[in-house]
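> So that we are looking at the same thing, I have put the structure below in structure tokens.
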């Protein structure tokens, strides 16, 4: 996380996950392998306590390596 000022911050997240299981003939379990990838970037501006604006971008790659799910999110938060 990088803080530009007490009110402005930027967070970068890069996460890779891998899982593998060997075949177990006695238990009847097949071999299995899975890889996942997550990347996100979040900018947040805090006006005052309880009031903020966030802009986030994320990309996820799950079981199908040819598909990359991308998301752009804008959020205004105003607590009463």
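The values are calculated or read from the model by the stated rules, or taken from the named source; none is laboratory data. Here the structure is a predicted model, which means the values were calculated and not measured. Virtual Cβ from ideal backbone geometry, glycine too; neighbours counted across all protein chains shown.
> List the pairs whose first member sits in the range 63-77 and is touching a residue at least 12 places away in the same chain (Cβ under 8 Å), whose second member is assigned to a loop (DSSP other than H, G, I, E, B), and whose Cβ atoms are under 9 Å apart, counting only residues at least 6 apart or on separate chains?
77/50
> Scan the range 15-35 and give yes if some residue there is assigned to a loop (DSSP other than H, G, I, E, B) and modelled with pLDDT of 90 or more, otherwise no.
As a first pass, look at the range 15-35 and keep what is assigned to a loop (DSSP other than H, G, I, E, B): 22-23, 25-28, 30-31.
From what's left, modelled with pLDDT of 90 or more: none.
Within the range 15-35 (the criterion being assigned to a loop (DSSP other than H, G, I, E, B) and modelled with pLDDT of 90 or more), the answer is no, since none of the residues qualifies.
> Sort through 57, 47 and tell me the only one that's without any contact (Cβ under 8 Å) to a residue 24 or more places away in the chain and either in contact with a strand residue (DSSP E or B) (Cβ under 8 Å, 6 or more places away or on another chain) or in a strand (DSSP E or B) (or both). Talk me through it step by step, then tell me what you get.
Details: 47 fails: without any contact (Cβ under 8 Å) to a residue 24 or more places away in the chain.
None of the others qualify; the one that does is 57.
> If a residue must be under 25 Å from residue 60 (Cα atoms) and touching a strand residue (DSSP E or B) at 6+ places or on another chain (Cβ under 6 Å), how many such residues does the range 4-44 contain?
Going through the range 4-44 one residue at a time, the tally reaches 26.
> So, one more: Could you list, in sequence order, the residues of the range 53-80 that are closer than 18 Å to residue 9 by Cβ and surrounded by 10 or more Cβ atoms within 10 Å (Cβ to Cβ)?
53, 54, 55, 56, 57, 58, 73, 75, 77
> Here are some residues: 50, 28. Which one is at positive phi and surrounded by 10 or more Cβ atoms within 10 Å (Cβ to Cβ)?
Details: 28 fails: surrounded by 10 or more Cβ atoms within 10 Å (Cβ to Cβ).
Only one candidate qualifies: 50.
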